[in-house]
1. Please report the spacing between the Cα centers of segment B:26-94 and segment B:315-333 in Å, no decimals.
2. Report which residues of segment B:360-383 become buried by 10 Å² or more of accessible surface when going from the isolated chain to the complete set of protein chains (1.4 Å probe; DNA, RNA and ligands ignored).
3. For a bin width of 10 Å, list the pair-distance distribution of segment A:1-43 built from all Cα-Cα distances, rounded to whole %.
4. Taking every pair of alpha-carbon atoms in the protein assembly as shown, give the share separated by more than 28 Å as a whole percent.
5. On average, how many beta carbons from a partner chain sit within 10 Å of the beta carbon of a residue in B:139-150?
6. Mind checking segment B:218-311 for trypsin sites (Lys or Arg not before Pro) that DSSP puts in a loop (not H, G, I, E or B) and that have at most 13 other Cβ atoms within 10 Å?
7. Just give the residues from segment A:6-38 buried by at least 20 square angstrom of accessible area in the all-chains context relative to the isolated chain, probe 1.4 Å, and say none if nothing qualifies.
8. With runs of 4+ DSSP H residues as the only contributors, calculate the mean residue ellipticity of the protein assembly as shown at 222 nm using -39,500 (n - 2.57) per run, divided by the residue total and rounded to the nearest 500.
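The values are calculated or read from the model by the stated rules, or taken from the named source; none is laboratory data. This structure is a prediction, so every number in the text was calculated from the model and none was measured. Glycine also receives a Cβ, built like all others from the backbone with ideal geometry; neighbour counts cover every protein chain displayed. We work out accessible area using only protein heavy atoms, side chains counted, and drop any ligands, DNA or RNA first. Shrake-Rupley method; radii C 1.70, N 1.55, O 1.52, S 1.80 Å.
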Amino acid sequence: MSTPFVVPRCTNCGHLAYPPRILCPVCGHGTWGRALADTGVVEEVTVRRPVFKRRQLPWGNWLDQEETVLAAVRTDAGPRIVCRVAPGTRAGDRVTLAARGSTAIALPGQVVEAEPQSPSNAGPAQGS
Amino acid sequence: MAVTPVIVGAGQARYERHPAVERRTETFIAEAAIDALADAGISPNEVDGFGVASFSLAPDHAVDLLWKLGLRVRWVMEDTNGGASGINMLQHAVRAIEAGDAETIVLAAGDRMEKREFHLMTDRYNRVARDFLAPLPLNGPNALFAFLTQRYAREHGLEREDFGCIPIAQRGWAAGNPGAVYRAPMSLQEYLDSVPIAPPLTRFDCVPIVSGGDAIVITTPERAARLRRPAVGVRAIRALHNHDQQEGDGIHSGFAEIADSLWTAAGVRPEDLDAAFIYDDYPVMVLVQLGDLGLIPDMDVKRYLHRTILEDRWPINTSGGQLSAGQAGASGGMHGLVEAVRQLSGRADGRQVEDAELALVTGYGMVLYTHGACHNAAVLERVA
């Protein structure tokens, strides 16, 4: 069960800004709601290879470092998001975006993970 | 009579891959400052202004360094703008001397930077990096510039061997710089075969992380006239920060918006330049800056890369740049300034550009989310 990805939306002019700002870069107001930004198109993909194969955790155990597939995704709603994508994802693919780690917008530690879109909900997405 | 401050010294602390444990950040900054003062022929007790940029000076600040160096000053600053810190400090220092707030200013930058320190820095570069990028995990900006490289390649029809012209040409220049960490010539095949870091970026598209320091000395023309060395004047400085709110594509930079004003203020054109010192964290950003500042004729990027940079060896980043000499943290923001001053003073032994009189230096940096937010550029000239 994943949580759809939401981004801050200026309550005055409707501009979407991610990551969150204090004042809206378009109209200068400082009150924010939220809007869905859960669909988009992959612009570029790269693979981050870990510098070290294993990393020692603060409590002493070792963790295998994996390759991370990362992408720039242009959401249909507007903002460009840097996120993880499933291996095999290519530039031009449509994806759905899910918030990972938190249900609220813009909380520290929020990680965005893009998952390949299932055929049942493919098609043009609604901007919000 | 208007005061027109001039740069009269440039110095470095030798860039090192693996410094001894006792060589701390302050060691590198101090060595660079002392080297720059020696180059100028100015004694520390004549200094009355000091500025510093560093990622790893904490818990110390500029005033702690002043104290440790025994300097008594009327003007002090600490700059946090990374790759744009050198020119930002120069912009402030020039105005301070013009206004009479100080007469002789040392600007220094440096970092002890090894892998562990580098990752600590990048994971906590800013709140957004810490909260929205590091958890992916991202570990530094390589992946972001891999995106920008792909985007720029699409827009200009470039392949890897085109981008390779920059690190290959700069490696050629590095052969003349004993301070560069990579000095051996690099072939196209070596470049193409190098270890992938974040495709399409490979090892030689990324700066070698080093520890080191860079510094310059700025003073009044009166004092400069008493020194037995050429002086370097500042024709113009322009800057633009956060030009696109991180909502642009990162390959159309703030430099495009300052170019006209910079060249008008400098009273020269890009074709008048004898050399350029372009902030080179990645080859793609060298191209973005050259293009946006008007140095690439007709924006024929491919031709410029192969003809001007590789074949004609038009002088860009003659120290080898950060791609060959190394990136010592915030020192990267002053690296180009130091090399420009050396070239314009006729003190670039082993790689001196003949009759170098006019040069462009750029600063770029501070990735807020997807690309750098700080842009600045200076046009420098030999004045005596």
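1. Their Cα centres are 19 Å away from one another.
2. Buried on complex formation: B:Tyr369, B:Thr370.
3. In order of increasing distance, the bins hold 30, 46, 22, 2 percent.
4. On the way: 71061 of 130816 pairs.
More than 28 Å apart: 54 percent of the Cα pairs in the protein assembly as shown.
5. Numbers: counts 6, 2, 0, 4, 11, 5, 1, 7, 10, 2, 2, 6.
Partner Cβ neighbours, averaged per residue: 5.
6. Taking segment B:218-311 and a limit of 13 other Cβ atoms within 10 Å, the loop trypsin sites (Lys or Arg not before Pro) found are B:Arg226, B:Arg228.
7. Hits at the 20 Å² cut-off: A:His15, A:Tyr18, A:Pro19, A:Arg21, A:Pro25.
8. Values: 13 runs with 126 residues, N = 512.
Value at 222 nm, helices only, nearest 500: -7000 deg cm²/dmol.
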